[in-house]
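Report on the following structure.
Every number here is computed from the coordinates shown, using simple stated rules; none is lab data. Quick caveat: nothing in here was measured; it's all calculated off a predicted structure. Cβ coordinates were reconstructed from backbone atoms using ideal geometry, including for glycine residues, and neighbour counts include every protein chain displayed.
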Amino acid sequence: MADELEKERWTRRGFLGASSAALAAAGMLAANNAAGQSQDSAQKPANDRRPSEPVPKNSALDAQNSDSVNPPPSDAGGVQTFKYPFSIAHKRLHEGGWSREVTVRELAVSKSLAGVNMRLTSGGVRELHWHTAAEWAYMLYGTARITCIDADGKSFVTDVKEGDLWYFPPGIPHSIQGLPPDGTEFLLVFDDGNFSEYETVLLSDWMAHTPREVVSKNFGVAQNAVEKMPRKELFIFQAELPGPLAEDQRLAAGALGASPIDFAFRTMQHPPAKRTKSGEVRIIDSSSFKVSQNIAAAVVTVRPGGMRELHWHPNADEWQFFISGKARMTVFATGGRARTMDFEAGDVGYVLKTLPHYVENTGNTDLKFLEMFKSSFYQDLALSEWLAHTPPELVAAHLNLDKATLDAMPRGKPVILPE
Ligand code: MN
Ligand code: MN
């Protein structure tokens, strides 16, 4: 009993009372400092031996990371950081848009996948290029025109909108252009944590670093015809708006015809894999999106009060991007180690292959996030389905549970709780 009291005193509920972490970290700090008191002495019971916080802290960041500032008592030991906010990633600014990346250099644990967040204006172009990693994309906003050619040289040109995906295999050249009225913003995921958008094969960069006489010989034109080519890379640039889609498709196809491969996927035209009263999960892998051979995804929505249930992935690391809302996730890292971290829009999370975790909506709006895997197929196992399909007396003997509690557990795989 005394132990329980001691524990409760250290929990966030005991620590912060009814006020939010933001209030405690920002408002209370200022108020109490003004009154010449330590941060929380006014709220503490007389027998509370927690240290005061006399030294200034980054109160805005503390408020966003309450589970790091005041870890739940179940957290223990050293667990490698598994969060990186795009907010502190370097942003490359160009006329026509911007981009920023989170790779293994920013988030050391993220060895198998990397991400890029990019914005293009209406007409803004991410120039023709390719790279050694596969590229999977999720449209966050607006509309865009994407182009590529397949391995037979046949063209693919289409327009995509919010919620749509695309996938370009390694070495397949492609481009992206923002469309009216306000261009686009999207997230790119690459099947290599070491990927960097600074190391892609760009058309302009390649031409700038090829002797002009070779370029003219290659095209069969006079050298003065290619003299005005850029002397350095464009990467992102502002261009005129493209013409009608059908016209671009016809011109790109030429005599060869269009590619039979669909490099885009209309997520919202497919039913969710699971829907409960607390949310839904859409799973996209090579079984439905054939071209996506290296990357599998789940688009998860969790309503306020809901939770993506305790589970793990036997086949791959999980790279997460938080689209909207607020969440917390605990990763149990074996050997008595566990860490809880907080997430919101624009944050990247990461869970190593097979490590158990949950994702709980801690806000009062819908939580929406992406689960990404370097795999041709999506796979997860839930705690509830494990225990439901194990002899009940064996489970009871482990967990010291009575029969009524065992009987009340979900028999299936709810995915999003409560059902
Ligand atoms: Mn690319
Ligand atoms: Mn997961």
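Details
- Less than 5 angstrom separates the built amide H of T362 from those of K326, A327, R328, all sequence-distant by 5 or more or on a different chain.
- Note, ³J(HN,Hα) from phi for region 388-400, Karplus 6.51, -1.76, 1.60, rounded to Hz, x at Gly and Pro: 5, 10, 10, x, x, 5, 5, 5, 4, 5, 6, 9, 6
- A viscosity of 1.002 mPa s and a temperature of 20 °C, combined with the Kirkwood radius over Cα pairs in Stokes-Einstein, give a translational diffusion coefficient for region 82-132 of 175 µm²/s.
- Extension gain from S287 to H398, taking 0.36 nm per residue of separation minus the Cα-Cα distance: 36.2 nm
- Based on DSSP H segments of at least four residues, each scored -39500 (n - 2.57), the chain has a per-residue ellipticity at 222 nm of -4000 deg cm²/dmol.
- Amide H contacts of K274 (H built 1.01 Å from N, under 5 Å, at least 5 apart or other chain): V281
- For region 220-369, the Cα gyration tensor yields ellipsoid semi-axes of 42, 20, 17 Å (square root of five times each eigenvalue, largest first, whole Å).
- Amide H within-cut-off set for D262, under 5 Å, with H built and near neighbours excluded: none
- Here the Karplus relation 6.51 cos²θ - 1.76 cosθ + 1.60, evaluated at θ = phi - 60°, turns the backbone of region 145-158 into coupling constants of 10, 10, 9, 7, 10, 7, 5, 9, x, 7, 8, 9, 9, 8 Hz, with x for every Gly and Pro.
- Counting only the Cα atoms, the chain fills a convex hull of 182 Å³ per residue.
- Computed magnitude of the charge dipole of region 89-265 (debye, nearest 20; Cβ of K, R +1, Cβ of D, E -1): 400
- Ordering of 376-385, 188-197, 352-361 by packing [mean C-beta count within 10 Å, highest first]: 188-197, 352-361, 376-385
- Between A108 and K161, the modelled label-to-label distance comes to 4.5 nm, taking each label 7 Å out from Cα in the direction of the beta carbon.
- Simple label model, 7 Å out from Cα along Cβ direction - K353 to L93, nm: 4.2
- Residues S74 and S324, FRET efficiency given R0 of 35 Å [Cβ-Cβ distance, rounded to 0.05]: 0.80
- Maximal additional length on extending the N315-T405 stretch stands at 29.3 nm, based on 0.36 nm per residue less the C-alpha distance.
- Principal semi-axes in Å for region 334-419 [√(5λ), Cα gyration tensor, largest first]: 28, 16, 15
- Residue with peak Gaussian network fluctuation, the chain [Cα springs, cutoff 10 Å], from E213, E344, E95: E213
- Residue-by-residue Karplus 3J(HN,Hα) for region 236-251, coefficients 6.51, -1.76, 1.60, Hz, glycine and proline x: 10, 8, 7, 9, 5, 5, x, x, x, 4, 4, 5, 4, 5, 5, 5
- Extension reserve of the K57-H270 stretch, reckoned as 0.36 nm per residue once the Cα distance is removed: 72.0 nm
- Rg and Dmax of region 89-265, Cα atoms only, in Å: 16.6, 52
- Using a simple spin-label model with pseudo-atoms 7 Å out from Cα toward Cβ, V201 and R50 lie 5.8 nm apart.
- The coefficient of translational diffusion for region 228-284, derived via Stokes-Einstein from the alpha carbon Kirkwood radius under 25 °C and 0.890 mPa s, stands at 150 µm²/s.
- FRET efficiency for the F377 to R231 pair, using the beta carbon distance and R₀ = 51 Å, is estimated at 0.65.
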